[in-house]
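Notes to accompany the following structure.
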Amino acid sequence: MTRIFFAILLALGCAYAAYHFTLQKGFVNPYPAFCDLVSQKIFLDDAKIKNWKKTCHRRSRLVTPYSPKKIIIKDMNNVLALLKVSHLEVYDSKEVASIWRGESLETGIESQFVDGELVIFKVHPNSPAEDLGLRRGDIIQTINAEQPNPWEAQTGGDIIQTINAEQPNPWEAQTEQGSYLILRKDKEFSVKIKPRAIIRSEEITLEAKEPGQAVLKVPSFRAAFFVDEEMQKLEAGLLSLKRVVVDLRGNAGGNFVAGLRFLSLFICKPELVGTLERPRVAVKSAAELPNDLDDQAQLAVLDTHSEVLLKTYAQKNCYSGEVRVLVDGKSSSVAEMVAQALKEFKKAPLLGSPSRGQLLVGVWYPLDEVAQGVQISIPEAVYLSHKKYRIEGQGVELDRVLYYHLPEMQAGIDSWEKKALD
């Protein structure tokens with residue numbers, strides 16, 4: 001019996017050793033290829049990237065065959081953060097699906113702190129939150145018996161010291177599963193929420209208000225919502241209005257041509273609203289971005305020129321009334337281009353809170369060395385507005401800061417929208 005036991009133990013030990021030998025022999029460290037790709041493609045000049053590249057390659061020595069893919073991605077993003085530019089990030093396959101198709105595993109809740117209380121701003125249709133009857137203005141008092149507190153992202157470029165240990169994530173109502181204690185007016189009730197795969201509604205909506213006024217909500221600039229047919233419908237809806245509030249809150253951007261098509265509804269003739277400049281390209285040449293929503297067609301122009309001209313397109317009927325624009329800390333990229341252009345060409349006041357200040361051209365590349373479906377966005381060009389204003393790192397030129405009013409929010413009234421319409 002003893003011999004049999006030791007024979008089994010020996011066999012298991014040999015199998016274990018063979019497994020680890022095979023794992024190490026077939027292991028390819030994804031870090032060096034990642035470092036070289038960023039160094040080659042990013043818009044920053046060689047002097048700014050030189051020391052970063054050395055740091056990046058040093059990090060590769062900490063990766064082992066046993067390093068979890070999720071931790072490798074997190075560490076890569078910490079290293080990228082040292083460069084302090086936007087549109088520079090590694091995304092796993094689930095995040096890629098969320099960005100490009102609007103699919104994500106969520107509760108359906110979008111929330112924000114107002115006067116120290118976490119208030120639900122939006123409930124996405126066909127989501128767990130909608131199924132449970134949650135609505136705008138509800139206050140989230142606790143999640144899993146923990147009281148939510150405003151979380152401030154820690155910046156400063158520190159990178160984690162290991163690639164084999166999980167780090168804590170900030171608390172998020174958008175994805176957190178569990179028991180929620182909700183306050184609606186003076187009544188408390190509990191619901192149990194389990195996130196599921198939802199498709200966020202990002203269609204443009206034109207909501208009529210007082211006679212002659214409307215709020216035009218633009219959740220994103222994904223190309224699918226800016227095809228010719230949709231633009232014609234929007235054009236017809238705008239013509240009878242005297243004042244339009246363009247709501248770009250939460251809009252993380254998207255397709256540049258989608259943004260230019262939207263601007264063409266307000267700017268009555270072809271105008272140069274800005275340029276995309278690639279400082280590292282040695283041979284200088286310029287070309288106009290064609291009226292084509294296809295990403296590859298736009299990249300083909302960017303790849304072959306040092307400067308891309310962003311012009312609006314000829315429009316039969318153009319909105320000539322008053323425009324006001326709402327932006328917040330989540331408004332970024334193409335949304336910032338649109339907001340700044342409406343300010344420069346339509347004298348539209350920009351209201352709300354400072355925008356994100358992230359307007360570079362991020363080109364996407366697969367990182368299959370890390371895992372299937374992982375992608376990286378690398379900024380290859382910087383944007384300058386018609387008046388040579390650089391949005392990256394600054395945000396749009398805000399005219400007036402707005403604040404949410406808690407009692408109004410509890411009553412389901414959007415404080416910012418109300419002020420913009422006054």
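The single condition among (1) under 25 Å from Ala197 (Cβ atoms); (2) touching a strand residue (DSSP E or B) at 6+ places or on another chain (Cβ under 7 Å); (3) not hydrophobic (A, V, I, L, M, F, W, C) that Ser86 does not satisfy is (1).
Would you confirm, using the coordinates I've provided, whether Tyr319 is within 16 Å of Phe266 (Cβ to Cβ), surrounded by fewer than 20 Cβ atoms within 10 Å (Cβ to Cβ) and touching a residue at least 12 places away in the same chain (Cβ under 8 Å)? When the stated conditions are applied, Tyr319 does not pass them.
Screening Arg400 on (1) under 17 Å from the mean Cα position of the chain (by Cα); (2) of a type in the set (Lys, Arg); (3) modelled with pLDDT of 95 or more shows it passes everything except condition (1).
Among the strands (runs of 3 or more DSSP E) confined wholly to region 304-391, which include 1 or more residues that are aromatic (Phe, Trp, Tyr)?
Strands (runs of 3 or more DSSP E) meeting the threshold: 360-366, 375-385.
Is there a residue in region 342-361 that is out of contact with any helix residue (DSSP H, G or I) (no Cβ under 6 Å at 6 or more places or on another chain) and over 19 Å from Asp399 (Cα atoms)? So far as region 342-361 goes, yes, one or more of its residues are out of contact with any helix residue (DSSP H, G or I) (no Cβ under 6 Å at 6 or more places or on another chain) and over 19 Å from Asp399 (Cα atoms).
Figure legend. Inter-residue proximity from region 176-202: first residues within 10 Å of Asn144 (Cα to Cα), second residues surrounded by 15 or more Cβ atoms within 10 Å (Cβ to Cβ) and among the polar types (S, T, N, Q), beta-carbon distance below 6 Å, spacing 6+ or different chains. Indicated pairs: Leu181/Gln141; Leu181/Thr142. Residue under question is Phe266, and the condition is that it be within 27 Å of Gly321 (Cβ to Cβ) and touching a helix residue (DSSP H, G or I) at 6+ places or on another chain (Cβ under 6 Å); does it hold? Yes. Filtering region 329-360 to residues that are buried (at least 19 other Cβ atoms within 10 Å of the Cβ), of a type in the set (D, E, K, R) and under 23 Å from Pro270 (Cβ atoms) leaves Glu336, Lys343, Lys346.
Candidates in region 284-303 are the residues that are farther than 16 Å from Phe43 by Cβ and in a loop (DSSP other than H, G, I, E, B); of these, the one that is farthest from the chain's Cα centre (by Cα) is Ser285.
The values are calculated or read from the model by the stated rules, or taken from the named source; none is laboratory data. Bear in mind the structure is a predicted one, so any value in this text is a computation, not a measurement. When we count neighbours, we look across all protein chains shown, and the Cβ atoms used for this are built from the backbone with ideal geometry, even at glycine.
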